[in-house]
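What follows is a short report on a single structure.
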Amino acid sequence: MKRYWADLGASVVVFLVALPLCVGVAVASGVPAELGVVTGVVGGIVVGLLPGSTMQVSGPAAGLTVLVAEAVAQHGIQALGVIVLGAGLIQVALGLARCGRWFRAISPSVVQGMLAGIGLVLVLGQSKALVVSPVALALGLLTVVIMLLWQRTPLRVVPGVLVGVVVCTALAAVFASPVARISVGTLSSDVHLPDFSLLGTGVLGTAVVFALVASAESMFSAAAVDRMHGGPRTRYNRELVAQGVGNTICGLLGALPMTAVIVRSAANVSAGARTRASRVLHGVWLLLFVVLLPGLLALIPVAVLAAVLVHAGWKLLGLRGVVALWRTDKAEGAVLVLTAGLVVATDLLTGTLAGLLAAVVKTAWDVSRLSVVVTPDGVALRGNATFLRLPRLLDALDRVDRKHVLMDLSGVRHLDQACGQAIDQWVDESRRAGRTVELVGR
């Protein structure tokens, strides 16, 4: 019985964390606020019941805000359902093909750069809603201050984000502040079946991007959440299928895409959850709220939610982690900065792909370390002889000027075709020139 009470309490905490974030992500993405809550409901009840992970909680994520906003701007909100549905089906297929663990084989610097870029886009984009008027700026700053200070009080079991939103919304209502507020429609008008007539190459390409980014974020979250508790570990392939089923349903409802969200998942673990019942119940509370009390959302000033997202973006930016990585490994730091900069300057897909390419090039360079030493007896090679080090190898061989040459290859761990052919050619030329060449270790 004690376990069930723990799950009940944790579900309330996660609900209080999730509600303002669901609404904020929806508004920032350019879709009706209630669609964010619908995604939270599906993430809680549907994905929460499916096998995969026990503790992580799914819903609309700040990390997908940029993608969704770009998709809505390019294809229109009517195409969102088709895109999310397609992404969900792709995720299900990837999970059934047992590709879940492959998403963890991505350079941490690329992931960190991707999140930092998203964080910068959120901070820069949502700051516009704070500077429209002195009142909006004051409400936004007060929201952030309350969120930060609340975590230092004994009452921090109540989420600071909720306290900030409630207090500042109440102040705006009491003083009848002239600020823009959230526009709230009805579920019957905003929840709709996808329009398959909008299918096209652009829409399908966007669905693939949604699927890959959402899957990667969910798998990274699962790995992080598993380190927070001592319960059952995540089964990645099943979790990927669960995420796909959730996004398929969200697509059928025309709602936002979902991922596993580290903020809600961490709150779930910290609140003492024991089983997946806590995340399912949090979805039930979201459903009851959007059905019974949707009018409360219309009281929230846009500036307050913008402040919540600016705070979320700042945490995604993770300046401490960026500085620490730069000090530890400047090459990895450069990959991070490149990824983040291109995410801001271009788009999420371009920035991430460029970061992955840079990480691959860096890794190839690192594993191609080759030591070429000209010795009194000839030349000795140590390490990995690949085409990337071919110029250095040829330069060293050109400096060898002996009648009898001992070429020691015993320290070569890998010799690719390019370097192998270059060595054979040099040996043949040396022998035609009257030299004696002795190969060791080949």
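Do we find that Leu198 is open to solvent by 40 Å² or more (accessible area, probe 1.4 Å) and closer than 21 Å to Gln74 by Cα in this structure? Can you show your working first?
Details: open to solvent by 40 Å² or more (accessible area, probe 1.4 Å): yes; closer than 21 Å to Gln74 by Cα: yes.
Yes.
When you scan the stretch 93-180 for helices (runs of 4 or more DSSP H) that lie fully inside it, which ones turn up with 2 or more residues that are surrounded by 13 or more Cβ atoms within 10 Å (Cβ to Cβ), of a type outside the set (Val, Ile, Thr) and at pLDDT 90 or above? Can you show your working first?
Values: elements: 108-127, 134-150, 160-174.
Ranges flagged: 134-150, 160-174.
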Fill in the blank from the handout: Taking first residues from the stretch 106-118 that are over 16 Å from Val310 (Cα atoms) and second residues anywhere that are among the charged types (D, E, K, R) and open to solvent by 10 Å² or more (accessible area, probe 1.4 Å), the pairs with Cβ under 6 Å that are 6 or more apart or on different chains are Ser109/Glu332
Practice task
Please identify the pairs in which a residue from the stretch 233-256 that is aromatic (Phe, Trp, Tyr) has its Cβ atom under 8 Å from the Cβ atom of a residue that is modelled with pLDDT under 95 and open to solvent by less than 20 Å² (accessible area, probe 1.4 Å), counting only partners at least 6 apart or on another chain.
Solution key: Tyr236/Gly52; Tyr236/Gly100; Tyr236/Met219; Tyr236/Ala222
Practice task
Only strands (runs of 3 or more DSSP E) wholly contained in the stretch 358-432 count here; list those with 3 or more residues that are free of Cβ contacts under 8 Å to residues at least 40 places away in the same chain and β-branched (Val, Ile, Thr).
Solution key: 370-375
Exercise for the section: Could you tell me whether the stretch 270-278 includes any residue that is part of a helix (DSSP H, G or I) and either closer than 19 Å to Val161 by Cα or open to solvent by less than 20 Å² (accessible area, probe 1.4 Å) (or both)? Expected result: yes
Problem - Residue in the stretch 293-301 that is open to solvent by 70 Å² or more (accessible area, probe 1.4 Å), in a loop (DSSP other than H, G, I, E, B) and closer than 20 Å to Ala255 by Cβ present - result: yes
Problem - Condition broken by Val304, with the remaining ones in (1) over 30 Å from Ala180 (Cβ atoms); (2) open to solvent by less than 10 Å² (accessible area, probe 1.4 Å); (3) not polar (S, T, N, Q) satisfied - result: (1)
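Tell me which residues, restricted to the stretch 279-288, are surrounded by 20 or more Cβ atoms within 10 Å (Cβ to Cβ) and either part of a loop (DSSP other than H, G, I, E, B) or of a type outside the set (A, V, I, L, M) (or both).
Listed by number, the residues that qualify are Arg279, His282, Gly283.
So which helices (runs of 4 or more DSSP H) are wholly in the stretch 1-88 and hold at least 2 residues that are surrounded by fewer than 24 Cβ atoms within 10 Å (Cβ to Cβ) and of a type in the set (D, E, K, R)? Give the derivation first.
Numbers: elements: 2-29, 33-49, 65-75.
Passing ranges, in order: 2-29.
What residue, among those in the stretch 201-224 that are among the β-branched types (Val, Ile, Thr) and buried (at least 22 other Cβ atoms within 10 Å of the Cβ), is farthest from Ala255 (Cα to Cα)? Give the derivation first.
Step one: filter the stretch 201-224 for residues among the β-branched types (Val, Ile, Thr), giving 201, 203, 206, 208-209, 213.
Cutting the leftovers down to buried (at least 22 other Cβ atoms within 10 Å of the Cβ) gives us 206, 213.
Numbers: Thr206: 16, Val213: 17 Å.
Among residues in the stretch 201-224 that are among the β-branched types (Val, Ile, Thr) and buried (at least 22 other Cβ atoms within 10 Å of the Cβ), the one farthest from Ala255 (Cα to Cα) is Val213.
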Exercise for the section: Could you please find all residues in the stretch 394-408 being in contact with a strand residue (DSSP E or B) (Cβ under 6 Å, 6 or more places away or on another chain), surrounded by fewer than 16 Cβ atoms within 10 Å (Cβ to Cβ) and under 15 Å from Cys419 (Cβ atoms)? Expected result: none
Exercise for the section: Could you pull out the residue among Val361, Val344 that is closer than 30 Å to Glu70 by Cβ, open to solvent by 30 Å² or more (accessible area, probe 1.4 Å), under 21 Å from the mean Cα position of the chain (by Cα) and not basic (Lys, Arg)? Expected result: Val344
Problem - Residue that is surrounded by the fewest Cβ atoms within 10 Å (Cβ to Cβ) [pool: residues in the stretch 228-265 that are of a type in the set (D, E, K, R) and in a loop (DSSP other than H, G, I, E, B)] - result: Arg233
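The values are calculated or read from the model by the stated rules, or taken from the named source; none is laboratory data. Nothing here was measured: the structure is a model prediction, and the numbers come from that model. Using ideal geometry, Cβ is built from the backbone for each residue, glycine included, and neighbour counts are taken over all protein chains shown. Quick note on the areas: whole protein, heavy atoms, side chains included, nothing else; ligands and nucleic acids left out. Shrake-Rupley method; radii C 1.70, N 1.55, O 1.52, S 1.80 Å.
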